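Engineer: One structure, as structure tokens, below. Some questions next.
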Amino acid sequence: MVHYYGYEPYKWFKGGCSVSSITIHNMDELLTASLKQRAAERGESLNSTIKGLLSSALGLDGSDGISPPARGYRRFLGLWQDAEKQAFDKAVADLGRIDPGDWQG
């Protein structure tokens, strides 16, 4: 299992992110036909097919186990295996301890 540090999950609410439209000019006939064929094979709209292909090509479809919200923070995240996480947790365990004597004048 991989653990992601430096990211606290948050919820995406409907309407909570901006949406935009893109127009692609001068697409050649082979690309257009291929996209239409792919959409027909999947039983999807052309728009859904293109969005899916773009998401997949850019690594935004979650197929690598990283949620879309976390993806924007990926460069700030550390990726640790179980043994590394356990060693880190053991090394910093004492940092959570509060010594009441430290708070007396």
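Engineer: Can you tally the net charge around Phe88? Count Lys and Arg as +1, Asp and Glu as -1, for every other residue whose Cβ sits under 13 Å from the Cβ of Phe88.
Structural biologist: -2
Engineer: Between Lys85 and Ala57, what's the calculated FRET efficiency when r is the beta-carbon distance and R0 is 30 Å? Round to 0.05.
Structural biologist: 0.45
Engineer: Calculate, in nm to one decimal, what Ile22 and Asp102 gain on full extension: separation in residues at 0.36 nm each, minus their alpha carbon distance.
Structural biologist: Value of the extension gain: 22.9 nm.
Just so you know, all these numbers are worked out from the coordinates, no wet-lab data involved. Given the structure is predicted, the values throughout are model-derived calculations rather than measurements. Quick reminder, even Gly has a Cβ in these numbers, built from the backbone with ideal geometry, and neighbours come from all protein chains shown.
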